[in-house]
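Report on the following structure.
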Amino acid sequence: MPVPVETTRKMGAELVIAVNLDADYFAPNKNNNKSTFSFYKIANNSINILRYHLALCNVKDADITIEPKLGGIVHWNKFLNGKELISAGEKAMKTNLSQLKKYIKK
């Protein structure tokens, strides 16, 4: 469950802010050489497509969904680009800030 919205509801959460890190999977990735195929790439893309669709199903019941634009900066072997990831998350949250303020006023 990439985005556990249902689980948080069952735990009693009244407001669920979902962060969908898989929403940007199909964004152009300048680091991805699509002209070469390998078993690893096919398997990895299959898993990522599955996660993308699972995440879409998971966030449907969230009150607010944050979808940072991470295309090209997230990969399992990129451990040192934390600042870029945090910046993308902050930017995505700022675009949803008005929606969050509405829920807080309720």
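The values are calculated or read from the model by the stated rules, or taken from the named source; none is laboratory data. It should be emphasised that the depicted structure is a prediction, and the values quoted were computed from it without experimental measurement. Positions of Cβ are generated from backbone atoms using ideal geometry, with glycine treated the same way; all protein chains shown enter the neighbour counts.
Does G82 satisfy the condition of being at positive phi and either at pLDDT below 85 or surrounded by 14 or more Cβ atoms within 10 Å (Cβ to Cβ) (or both)?
No; evaluated as a whole, the condition is false for this residue.
Which residue pairs have Cβ atoms closer than 9 Å, lie 6 or more positions apart in sequence or on different chains, and pair a first residue in region 45-71 that is within 12 Å of A23 (Cβ to Cβ) with a second residue that is acidic (D, E) and part of a helix (DSSP H, G or I)?
Pairs found: N58/E6; P68/E90; L70/E84.
With respect to I66, determine if the residue is at pLDDT 80 or above and within 14 Å of P2 (Cβ to Cβ).
Yes; evaluated as a whole, the condition is true for this residue.
Specify the residue that is farthest from R9 (Cα to Cα); the eligible residues are those in region 38-64 that are basic (K, R) and in a helix (DSSP H, G or I).
K41
Could you check how many residues of region 15-60 are of a type outside the set (S, T, N, Q) and either modelled with pLDDT under 85 or over 22 Å from A92 (Cβ atoms) (or both)?
Looking only at that region, the number is 15.
Does region 88-104 contain at least one residue that is at pLDDT below 80, surrounded by 15 or more Cβ atoms within 10 Å (Cβ to Cβ) and in contact with an Asp or Glu (Cβ under 9 Å, 6 or more places away or on another chain)?
No, region 88-104 contains no residue that is at pLDDT below 80, surrounded by 15 or more Cβ atoms within 10 Å (Cβ to Cβ) and in contact with an Asp or Glu (Cβ under 9 Å, 6 or more places away or on another chain).
Enumerate the pairs (first residue in region 78-98 and within 27 Å of D63 (Cβ to Cβ); second residue anywhere and of a type in the set (S, T, Y) and not in a helix (DSSP H, G or I)) with beta-carbon separation below 9 Å, excluding pairs fewer than 6 apart on the same chain, so at least 6 apart or on different chains.
Close Cβ pairs (under 9 Å, with a partner that is of a type in the set (S, T, Y) and not in a helix (DSSP H, G or I)) amount to N96/T65.
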